Structures are given as C-alpha cells and as structure tokens.
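Nothing in this text is a laboratory measurement; each read-out follows from the coordinates by a stated rule. Bear in mind the structure is a predicted one, so any value in this text is a computation, not a measurement. Cβ placement follows ideal geometry from the backbone for every residue including glycine, while neighbour counts extend to all protein chains displayed.
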Amino acid sequence: MITQIIGRLVEKLPTHVVIDCQGVGYQVNISLHTFSQLSNDEKIKLYTHLQIKEDSHTLFGFFTTLERSVFRLLLSVSGIGASTARTMLSSLEPQQIQRAIITEDLATIKSVKGIGLKTAQRVLIELKDKMLNLFEGEEIQPFPNNTIKEEALSALEVLGYSRKQSEKVIDNAIQSAPDSSVEDLIKAALNKL
C-alpha cells in the first residue's frame, strides 16, 4: 500500500497532480480541497490511498491525514464510490463533512451532487460513531443548536442567497462565535455575502 508520496510537482490541475519521484511520474487524483491547499512549490507531499481494481490501480492524494481518513470512511458506505467521495471532499471541507455527520445534518450531506436522500441517511447512520473517533488534535464541536443554523439559512434563502453559498458563511460565523443568535448569524452572513 502506498501511504504517502513526496516528490517534485510536475503538473497541477484541479482534478489531479503529477509528481516526479526520482524519475517516475505518478498521477495522483485529488479533491478541490487538496488543490486549494497546494502551493506551487516544487517539492510536494501528499498522503495517499491506492485503490486497486481488476482493470486499474488509482492513486488518490490528500493534503492532510484527516482528509484521507474521511475519504476512506466514505468509501466504506454502500453506494459511495471513489468519485462520489472525491466529489464530497471537493464540495465540502473534511471538517464540514465530519461535523455534518456528527450533528446528523442531513441537508449538508444531501447538498453534494450525486448524493440522494437514502445515501445521505446511510452515511449518517453508518459513520456517526466512526467520525467521532477521527478527532485530529482539535475537537470538532457539534453545533449546540442546529435549529439556529437552519433558521439563519432559511432567512438567507428568502433574501435570495443560495443555500450552498450561505452555508459556508454561516458555518464560519458559528465557528468564530458559537453562541451567536439567529440575528447575529444573519448579520454576519450579510456582511460576507
């Protein structure tokens, strides 16, 4: 099993990178989250997951071990393949996925393209306990009152903002001030949107 790759960055695209390791170029599939974390430095290090199938060997790369762990847990759910798991990590940050599963935030999981209601429910049921064990140094605080978040999102939708765009802003506002009221969240979001 290839667990990490360190080498010279030859090519960087939103879907994959090519890394030269002593004359051998490895194509490593990445998420948009990892793409956004990578600098243009020549030297690069990615944590990897090697998927072996009958007809292919595919290498997936992640900027952090947390992202790789979330990817592997997603793969363990029936109905989620590597491309769907990568899409989830491209749409949401690993911590957002972890928090959504821990807090049973079905709407966030369902907001990812390719995830239907049944698959989203399966993700929440099968991964909640496993996600609680993935704390990487910092503890993920479940939102104390998920209805405050939902109320703020609903209000922003009524004002014409997209749910996906609003959700990222609201999540950031909650992280910086966990005891915010609905009004505080809406005001903070309106300043950022």
Self-check item: Residue-by-residue Karplus 3J(HN,Hα) for segment 91-96, coefficients 6.51, -1.76, 1.60, Hz, glycine and proline x
Solution: 7, 10, 6, x, 5, 5
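Assuming 0.36 nm per residue, please report the length gained on full extension of the stretch SER83 to SER56 beyond their Cα-Cα distance.
8.3 nm
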Quiz prompt | Net lengthening on full extension, VAL24/THR64 (0.36 nm per residue, minus Cα-Cα) | solution = 12.1 nm
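Taking 8 Å as the Cα distance limit and 6 or more residues as the minimum spacing, I'd like the relative contact order of segment 4-62 as a percentage.
34
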Quiz item: So for the pair LYS168, LEU38, with labels modelled 7 Å out along Cα→Cβ, what separation do we get in nm?
Solution: 1.9
Quiz item: About the Cα centre of segment 65-132, what is the dipole size in debye to 20, counting +1 per Lys and Arg Cβ and -1 per Asp and Glu Cβ, all else neutral?
Solution: 180
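Can you give the FRET efficiency to the nearest 0.05 for GLU150 and LYS130, using r as the Cβ-Cβ distance and R₀ = 22 Å?
Efficiency, from the Cβ-Cβ distance: 0.30.
Dipole magnitude of the chain about its Cα centre, charges +1 at Lys/Arg Cβ and -1 at Asp/Glu Cβ only, in debye to the nearest 20?
Here the chain has a charge dipole of around 480 debye.
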Quiz item: If you take the alpha carbon radius of gyration of the chain and divide it by 2.2 N^0.38 Å, what ratio comes out, to two decimals?
Solution: 1.11
Quiz prompt | Radius 12 Å from Cβ of SER31, net charge of other residues (Lys, Arg +1; Asp, Glu -1) | solution = 0
Practice problem: Please tell me the relative contact order of the chain in percent, rounded to the nearest whole number, where contacts are Cα pairs under 8 Å and at least six residues apart. | Solution: 13
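Applying 1/(1 + (r/R0)^6) with R0 = 45 Å to the Cβ-Cβ distance of ALA177 and ILE2, what FRET efficiency is obtained, to the nearest 0.05?
0.60
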Exercise. Please report the relative contact order for segment 146-192, taking Cα pairs under 8 Å with a sequence separation of at least 6, and give it as a percent rounded to a whole number.
Key: 43
Quiz item: Among the lysines, which have Cα under 27 Å from the Cα of LYS12 when same-chain residues fewer than 8 positions away are ignored?
Solution: LYS43, LYS45, LYS53, LYS113, LYS164, LYS168
Quiz item: Once the piece of chain linking ARG72 and VAL10 is laid out straight, how much longer is it, given 0.36 nm per residue of separation minus the C-alpha distance between them?
Solution: 19.7 nm
